[in-house]
Amino acid sequence: MIVFKKIPALKTYLKNLRNQNLTIGFVPTMGALHDGHISLIQAATDRCDITVCSIFVNPTQFNQKSDLDKYPYNITADLNRLLDHDTDVVFIPDADEIYPEGDSYEMSYDLGGMDEILEGAKRPGHFEGVVQVVDLLLQIVGPDQLFMGQKDFQQFSIIQKMLELQESKIELVVCPIIREKDGLAMSSRNVRLTEKDRRDALQLNRTLLYIKNHIFEHPIDDVLTAAKRMLESPNMRLEYLTIVDVKTLQEVYEIKPEMKTVALIAAWVGDVRLIDNMILRK
């Protein structure tokens, strides 16, 4: 495993690999790696000759500095995990390396409003920062395939839209959500949950399962009303629970046979904000 901190050295190394006709798979992360991230590394290793992982806590996608300050960071543990799973290249840039002229950025892509709903509505500027950093990292790495997780459903949908607008040849590979044995979706934020928070957080997955098991038998409004009742708790604050079209992320009010839909949820459990989702029909 080779670790790079500077862009020119990384680019030179990857150029030599491409000259050998080796394919490159890229997994962008913000560190605090868990088994969900490792599943992306394994998918990249299975499908490509070379696996590149970046670890960069991107400041531009945090709309609250306090959330950025709380983000867990343990680079030694992360590097050890990547080494154990046959990662070929790791890129660990400083913010000044990614943003040498400052982090101001003007969105140059018309995402059709996909960045303004759901997470975008609750976290203004978040997806502008995500698109910014992913765009820059893809320019630096130049991979054949980009690997992202299903858990951040809106995020990968927006990146797919960005790639389509660019007419990029990079293939986006979306890997399934990795869950704990009790059903909780793996997240770097889970380490901040107290014991009580952890027990309460299990209700998110239970609620999604309830929706999946009932949505094709009853009206959407009835199912969502019952599902929201399942989340009523003094320790939990629901931000949204909705069913949307997989492609457009537009809210669905009636399930039709040809529709591909996903249930999306975001909630505060204690002082930790969690998201989850479940595909209802692919």
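The values are calculated or read from the model by the stated rules, or taken from the named source; none is laboratory data. From a predicted model like this one, the values you see are computed outputs, not experimental measurements. Heads up, the Cβs are rebuilt from the backbone with ideal geometry, glycines too, and the neighbour counts pull from every protein chain shown.
Would it be correct to say that Leu249 is part of a strand (DSSP E or B), under 18 Å from Phe156 (Cβ atoms) and either in contact with a helix residue (DSSP H, G or I) (Cβ under 9 Å, 6 or more places away or on another chain) or assigned by TED's automatic domain parsing to the domain that holds Asp67 (or both)? It is false that Leu249 is part of a strand (DSSP E or B), under 18 Å from Phe156 (Cβ atoms) and either in contact with a helix residue (DSSP H, G or I) (Cβ under 9 Å, 6 or more places away or on another chain) or assigned by TED's automatic domain parsing to the domain that holds Asp67 (or both). Among the residues of the stretch 252-266, not one is closer than 16 Å to Gln155 by Cβ and among the charged types (D, E, K, R). Considering Phe4, Phe62, the condition of being modelled with pLDDT under 95 and hydrophobic (A, V, I, L, M, F, W, C) is satisfied by Phe62 alone. Note on the stretch 124-147: residues that are surrounded by fewer than 23 Cβ atoms within 10 Å (Cβ to Cβ), modelled with pLDDT of 95 or more and not in a helix (DSSP H, G or I) total 3. Taking (1) among the hydrophobic types (A, V, I, L, M, F, W, C); (2) outside the structural domain of Val269 (by TED's automatic domain parsing); (3) without any contact (Cβ under 8 Å) to a residue 24 or more places away in the chain in turn, Leu202 satisfies each apart from (2). With respect to the conditions (1) among the polar types (S, T, N, Q); (2) buried (at least 16 other Cβ atoms within 10 Å of the Cβ); (3) not in a helix (DSSP H, G or I), Ser157 falls short on a single one, namely (3). Checking Glu167, Glu171 one by one, the residue that is in the same structural domain as His37 (by TED's automatic domain parsing), at positive phi and surrounded by fewer than 19 Cβ atoms within 10 Å (Cβ to Cβ) is Glu167 and no other. Candidates Glu239, Glu180, Glu217, Glu232: the one that is without any contact (Cβ under 8 Å) to a residue 12 or more places away in the chain and within 20 Å of Phe153 (Cβ to Cβ) is Glu180.
The condition (being closer than 25 Å to Arg273 by Cβ, β-branched (Val, Ile, Thr) and modelled with pLDDT under 95) is satisfied by just one residue among Thr194, Thr248: Thr248. Among the residues of the stretch 58-85, those that are within 21 Å of Ile177 (Cα to Cα), without any contact (Cβ under 8 Å) to a residue 60 or more places away in the chain and touching a helix residue (DSSP H, G or I) at 6+ places or on another chain (Cβ under 7 Å) comprise Arg81, His85.
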